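**Student:** Handing you this structure, nothing more for now.
None of the figures in this text is laboratory data; all of them are computed from the coordinates on show. Remember, predicted model here, so these are calculated numbers, not experimental data. Neighbour counts run over all protein chains shown; Cβ positions are idealised from the backbone, glycine included.
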Amino acid sequence: MLKGPFSGGWSGFREAADAEKLASVQFECVAALGDAPLPDVSGSFDLLICALALCHVPDITGAGAECARIVRPGGHLVLTDFHPAAVAFGWRTAFDTPGATYILPNMPHTRADYLDAPTQAGCQVREMRDIALGGEPYGDVSEAAIREKGMPPFCLVILAQREAAG
Ligand SMILES: C[S@@+](CC[C@H](N)C(=O)[O-])C[C@H]1O[C@@H](n2cnc3c(N)ncnc32)[C@H](O)[C@@H]1O
C-alpha cells in the first residue's frame with residue numbers, strides 16, 4: 001500500500017503518490033458508481049480506488065462487481081470508507097456549506113458486506129484495516145469492544161486482488 005498522508009479520500013492517494021515521487025502513476029477518476037454501470041473499460045486498470053463512496057450506495061454487491069470488472073486480472077482494488085460500525089453507532093457523513101449542513105444517506109452495510117462484495121466479484125481480500133478516529137489501528141471491532149470504548153472505528157480500508165486469468 002502507498003505510505004504517506006492518508007485522509008481516506010481520493011485526494012489522499014494522489015498526495016501519497018506524489019510524496020513517494022511516483023510521478024508516472026496516472027490517476028483517472030471514473031464516475032457514476034452506484035446508479036449506472038461504469039464505462040466500458042473492462043479489465044483496463046492496474047488499480048482501482050473507490051474512496052468514501054460505498055457507504056452511500058444501496059447495492060454494495062453490484063458496486064463491488066463493477067469495481068472488479070474494470071480491473072485487469074491480477075490487478076488490485078483499494079476500497080476505503082466511513083466505517084460501517086460508525087454508521088451502526090449512529091454517526092453520519094455530513095458536510096457544511098455557508099448556508100446549510102447536508103447529511104448524506106448512509107446505508108446499513110455491515111463489515112461482512114464489505115468483505116463479501118469483492119469476494120463475490122472474484123477477488124481475494126488481501127488486507128482489511130479498521131482505523132480509529134485518530135488514524136491509529138482500532139483493534140477489536142466486536143460490538144462488545146466498541147461499546148466498551150464508547151467510540152466506533154472511523155474508517156475501513158480493504159486491499160483486494162482480482163484473481164489472475166486462467
Ligand atoms: C465523501 S465523497 C468522496 C468523493 C471521492 N471519492 C473522494 O475520495 O474524495 C462521497 C461521494 O459519494 C458519492 N455518492 C453519494 N451517494 C451516491 C450513490 N448513491 N451512488 C454513487 N455515489 C454516491 C457523492 O457524489 C460523493 O462524490
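**Student:** Based on the Cβ-Cβ distance of residue 47 and residue 143, what FRET efficiency does E = 1/(1 + (r/R0)^6) give at R0 = 30 Å, to the nearest 0.05?
**Tutor:** Values: r = 33 Å, r/R0 = 1.10.
The value I calculate is 0.35.
**Student:** From the alpha carbon gyration tensor of the chain, can you work out the equivalent ellipsoid semi-axes (sqrt of 5 times each eigenvalue) and give them in Å, largest to smallest? Could you put the intermediate results ahead of the total?
**Tutor:** On the way: eigenvalues 129, 69, 62 Å².
Equivalent ellipsoid of the chain: 25, 19, 18 Å, largest first.
**Student:** Looking only at 100, 132, 145, which one moves most when the chain is put into a Gaussian network model with springs between Cα atoms under 10 Å?
**Tutor:** 100
**Student:** Something else about it: On full extension of the chain, what length is gained from residue 163 through residue 127, given 0.36 nm per residue of separation minus the C-alpha to C-alpha distance?
**Tutor:** Numbers: separation 36, 0.36 × 36 = 12.96 nm, distance 1.49 nm.
This chain segment gains 11.5 nm when fully extended.
**Student:** Okay, moving on. For a Förster distance of 22 Å, can you work out the FRET efficiency between the beta-carbons of residue 110 and residue 40, rounded to the nearest 0.05? Present the calculation step by step, with values, prior to reporting the outcome.
**Tutor:** Values: r = 31 Å, r/R0 = 1.43.
The pair residue 110/residue 40 has a calculated efficiency of 0.10.
**Student:** At R0 = 41 Å, how high is the FRET efficiency between residue 103 and residue 21 if r is their beta carbon distance? Nearest 0.05 is fine.
**Tutor:** On the way: r = 39 Å, r/R0 = 0.95.
Calculated value: 0.60.
**Student:** Quick check on the exposure proxy: order 93, 110, 80 from fewest to most C-beta atoms within 10 angstrom.
**Tutor:** Numbers: 93 16, 110 13, 80 25.
Final ranking by Cβ density, sparse to dense: 110, 93, 80.
**Student:** So how do 149, 21 line up by other beta-carbon neighbours within 10 Å, fewest first? All intermediate terms of the calculation are to be shown ahead of the outcome.
**Tutor:** Values: 149 13, 21 7.
By the 10 Å Cβ count, ascending, the order reads 21, 149.
**Student:** Can you compute the charge dipole magnitude of the range 10-162 about its Cα centre, using +1 on each Lys and Arg Cβ and -1 on each Asp and Glu Cβ, nothing else charged? Give it in debye, rounded to the nearest 20. The partial results should precede the final answer.
**Tutor:** Numbers: 11 positive and 19 negative charges, 25 e Å.
The dipole magnitude comes to about 120 debye.
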